[in-house]
Amino acid sequence: MKIIVKSAVLATVVASPLIHADEHEESRLEASGNVAFTTDYVFRGISRTNSRMSVQGGLDIGYVISDAATVYADTWASNVDFKNIDSGNQASAEFNAYAGVAGNILGVDWDLGGLGYIFPGEHDDDYAEVYGSRP
């Protein structure tokens, strides 16, 4: 939980200079949030909640640089329970933080970024991925 609070504070500090736009200028900052209650949290074909209910939520912040590109930083969290797999992970929560840049050049959409998976109290199981796509 401390990681989620620290990340929310960090996102606010990072985004605050972007919020001070001229009142006559269209805002270039975009923000949204989400909350979900699910019957199971399945990741890559494996239940991360031992086939039980999951509560999930996230915060997304984007800043439009130009018509061709937007930078973004997002967070997401869920409860987990790894008792049904032999991973040794005893975490009760998963926290994801990701950032990247997406846009459109010459009619081609693209997205490049990085994603970190954090399991509070289980630092050996934390990992990161780099991604790129053409949505």
With the checklist (1) in contact with a Lys or Arg (Cβ under 7 Å, 6 or more places away or on another chain); (2) within 23 Å of Ser27 (Cβ to Cβ) in hand, flag the one item Ala69 doesn't pass. (1)
Subset tally (residues that are within 22 Å of Ala77 (Cα to Cα), open to solvent by 50 Å² or more (accessible area, probe 1.4 Å) and modelled with pLDDT under 95) for segment 100-124: 3
Residue count, segment 88-99 (criterion: among the small types (Gly, Ala, Ser) and at pLDDT below 95): 4
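Any chance you could count how many residues in segment 73-92 are surrounded by 17 or more Cβ atoms within 10 Å (Cβ to Cβ) and either farther than 21 Å from Ala36 by Cβ or in contact with a strand residue (DSSP E or B) (Cβ under 6 Å, 6 or more places away or on another chain) (or both)?
Residues of segment 73-92 surrounded by 17 or more Cβ atoms within 10 Å (Cβ to Cβ): 73-78, 80-82, 89, 91.
Retained after the next criterion (residues that are either farther than 21 Å from Ala36 by Cβ or in contact with a strand residue (DSSP E or B) (Cβ under 6 Å, 6 or more places away or on another chain) (or both)): 73-78, 80, 89.
Residues in segment 73-92 being surrounded by 17 or more Cβ atoms within 10 Å (Cβ to Cβ) and either farther than 21 Å from Ala36 by Cβ or in contact with a strand residue (DSSP E or B) (Cβ under 6 Å, 6 or more places away or on another chain) (or both): 8 in total.
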Note on segment 36-50: residues hydrophobic (A, V, I, L, M, F, W, C) and at pLDDT below 90 are Ile46
Could you list, ordered by first residue, the pairs with Cβ atoms under 8 Å in which the first is in segment 28-51 and within 20 Å of Thr75 (Cβ to Cβ) and the second is exposed (fewer than 12 other Cβ atoms within 10 Å of the Cβ) and of a type in the set (Val, Ile, Thr), at least 6 apart or interchain? none
Cβ pairs under 7 Å, 6+ apart or interchain, first in segment 112-135 and among the aliphatic types (A, V, I, L, M), second in a loop (DSSP other than H, G, I, E, B), ordered by first then second residue, are Ile118/Asp126
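Among the residues of segment 49-72, which ones are assigned to a loop (DSSP other than H, G, I, E, B) and surrounded by fewer than 18 Cβ atoms within 10 Å (Cβ to Cβ)? Show your work before the answer.
We begin by selecting, within segment 49-72, every residue assigned to a loop (DSSP other than H, G, I, E, B); these are 49-53, 67-68.
Asn50, Ser51, Arg52, Met53, Asp67, Ala68 - these are the residues of segment 49-72 that are assigned to a loop (DSSP other than H, G, I, E, B) and surrounded by fewer than 18 Cβ atoms within 10 Å (Cβ to Cβ).
The values are calculated or read from the model by the stated rules, or taken from the named source; none is laboratory data. On a predicted model such as this, the values are computed, not experimentally measured, just so you know. Quick reminder, even Gly has a Cβ in these numbers, built from the backbone with ideal geometry, and neighbours come from all protein chains shown. What goes into the accessible areas is simple: the full protein's heavy atoms, side chains included, and nothing from ligands, DNA or RNA. Shrake-Rupley method; radii C 1.70, N 1.55, O 1.52, S 1.80 Å.
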